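Report on one structure; see the data block that follows.
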Amino acid sequence: VYNGLGKTPYMSVSTKHQKLLQALRPRAVKWVDVEVTLKVRSDVDGLGHALAKLALNVSDMRLPDLLFCEHEGPGEELGRRRHMLWEGYLGPMTHDVCPKRPLVKSEKELFTYCWSASQGPPLSIRQGSHNARIAAIIKTARESYRDDMAQVLDEVSVDFEAQAMLLYEELLVDEYGAMLAAFPEQKSKLSPKEMNHGQFLETPTWAQTKNFPAALADLVAVGVLRAEGEFGDLFQQGRHRLFGSESMKAIFVDSDSLQFWMGLVAMWMIGVHELQVDAFNAKMRSFCKEEEFHAAPGVKGFVRIMAKSFEYAEEHELIDFEQQVMSPLYVVDVLRCTYQLSTAERLLEVRDAIRSELPNARTKNGYSTNAKAPMGY
């Protein structure tokens, strides 16, 4: 929806181009349609279904434009719309419906979409002054109802925890459940700053020295660059199979920038893990029954890795270029999977099978009695 500057196509058009502006204006659903639905429907339980009927697909509602685009009105009007969406839909659904029953597919899609749309554009993985503008939008997006939202989320959290506590109490009286709950909340053989791929892999030092030939050689070696045409696509157009339909031209426009070399490190790391994904899944599947194993849909994506990299660079206080350029290596869950197990006894059996064959760097135990919210992973 948003480009690297935090704008939709509609937001990006100048008022000088009225024909283009009219062509991009939301038509399938207008704000008046949303507002009428919010005012007319008094039953919260059916409100999600009523809003979902406004468009065939939730994205057709164009809420980011309706809630944040200046072409739709002044800031006061856009703020009023966001407040109305909270008071008329998101707040009541969150507080009164979600704790009482599961949402059907159409309700869940709409609910998730509205929550996401109401927060504003995401921060860009491309560094620059535009991120300050985006951060300001995010900060003010929910300003008029922030306190109410915090209170609703606190109350719902207590409600969900009370529901989960009944199951947790059942777990504690089970012999194996009690064992699981007695394990530490977290156990690690490495400090947070040591928990990165640099502890286990030969690091791409070419990024620290900006050695372009060495970078290309490694990217070819791990299968990230497979044909000559991919070089041009990546460095001229910012396009690559790892980016899907998006262009990352803003990341790769300046070969001397931090984000350029971080991007290459992230791509190299994805390539390294793509070479191992089949072996990883086969090994992890061997510890359980077939129906208990759930593979992830491929390796973690480029955009997510880059976003987390900037977060980790700040979290671990990576100061200079040589440290920051390696921040993608702190994203340790590039390969991952899930086990869905029927009992605590079975969970411990699979845990022991894994531990008997593989080294364990860190364990997080959401079932621990010391966990902030027991009954997690």
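The values are calculated or read from the model by the stated rules, or taken from the named source; none is laboratory data. Remember, it's a predicted structure, so these values are computed and weren't measured experimentally. Because the Cβ atoms are built from the backbone with ideal geometry, glycine has one as well, and the counts that use them run over all protein chains shown. Note: areas computed on protein heavy atoms with side chains; ligands, DNA, RNA excluded. Shrake-Rupley method; radii C 1.70, N 1.55, O 1.52, S 1.80 Å.
Per DSSP H run of at least 4 residues, take -39500 (n - 2.57); add these up for the chain, divide by its residues and hand me the 222 nm value, nearest 500 deg cm²/dmol. It lands at -14500 deg cm²/dmol. Restricting the range 262-312 to chymotrypsin sites (Phe, Trp or Tyr not before Pro) that sit in a DSSP loop and have at most 13 other Cβ atoms within 10 Å of their own Cβ leaves nothing.
On alpha carbon coordinates alone, what is the Rg over Rh value for the range 263-311, Rh being the Kirkwood radius?
Working: Rg = 13.3 Å, Rh = 12.2 Å.
We get a ratio of 1.09 for the range 263-311.
Across every pair of different alpha-carbon atoms, what Kirkwood hydrodynamic radius in Å does the range 1-96 reach? Mind showing how you got there, number by number?
On the way: mean 1/r = 0.0696 Å⁻¹.
Hydrodynamic radius (Kirkwood, Cα pairs) of the range 1-96 is 14.4 Å.
Can you list which of the GluC sites (Glu not before Pro) found in the range 157-264 are DSSP loop residues with at most 10 other C-beta atoms within 10 Å? Please report the intermediate quantities before stating the final value.
Numbers: sites: E161, E169, E170, E175, E185, E194, E202, E228, E230, E246; in loops: E185, E194, E202, E246.
When the GluC sites (Glu not before Pro) of the range 157-264 are filtered for loop state and at most 10 Cβ neighbours within 10 Å, E202 remain.
Put simply, the Cα atoms of the range 153-246 extend 62, 34, 24 Å along their principal axes, the longest span coming first.
Of the whole protein surface, H71 contributes about 30 Å² of accessible area at a 1.4 Å probe radius. Label C337 and S14 with points 7 Å out from Cα along Cα→Cβ: what is the distance between them in nm? Spacing of the two 7 Å Cα→Cβ label points: 5.6 nm. Both radii were evaluated on the Cα set of the range 232-290; the Rg over Rh quotient, with Rh as the Kirkwood radius, amounts to 1.19. Just to be sure I understand, if you calculate semi-axes √(5λ) of the Cα gyration tensor in Å for this structure, which of [x] 38, 34, 18; [y] 53, 24, 20; [z] 39, 23, 20 do you get? Of the listed options [x] 38, 34, 18; [y] 53, 24, 20; [z] 39, 23, 20, [x] comes from this structure. Computed on the range 202-264, with alpha-carbon pairs under 8 angstrom and 6+ residues apart, the relative contact order is 24 percent. In a DSSP loop and with at most 13 other Cβ atoms within 10 Å, the trypsin sites (Lys or Arg not before Pro) in the range 139-226 are K189, K193, R226.
So what does log10 I(q)/I(0) come out to for the range 1-50 at q = 0.20, 0.30, 0.31 Å⁻¹, using the Debye formula with one equal point on every Cα and no solvent? These q points yield log10 I(q)/I(0) values of -0.78, -1.08, -1.11.
Suppose all protein chains stay in the model; what accessible area per residue would a 1.4 Å probe give for the chain, in Å²?
Numbers: 20970 Å² over 377 residues.
Value returned for the chain: 56 Å² of accessible area per residue.
Normalised by the number of residues in the chain, the mean separation of alpha-carbon contacts (under 8 Å, six or more apart) gives a relative contact order of 16 percent.
For the range 75-192, the orientation-averaged shadow of the C-alpha convex hull comes to 11.8 nm² (one quarter of the hull surface).
Given an 8 Å cut-off on Cα distances and at least 6 residues of separation, report the relative contact order of the range 111-208 as a percent. In percent, rounded to a whole number, it is 14. For K30, the lysines whose Cα falls under 27 Å of its own Cα, not counting residues fewer than eight places away in the same chain, are K7, K16, K19, K39, K53, K105, K108, K139.
When Rg is the radius of gyration of the Cα atoms in the range 267-369 and Rh is its Kirkwood radius, what does Rg/Rh come to? Show your work: numbers first, answer last.
Values: Rg = 16.3 Å, Rh = 15.7 Å.
Radius of gyration relative to Kirkwood radius: 1.03.
When Lys and Arg each count +1 and Asp and Glu each count -1, what net charge do the other residues less than 12 Å away from T205, Cβ to Cβ, add up to? If you can, show how the numbers build up before the last one.
Details: positive: K210; negative: E202, D218, E322.
So the environment of T205 carries a net charge of -2.
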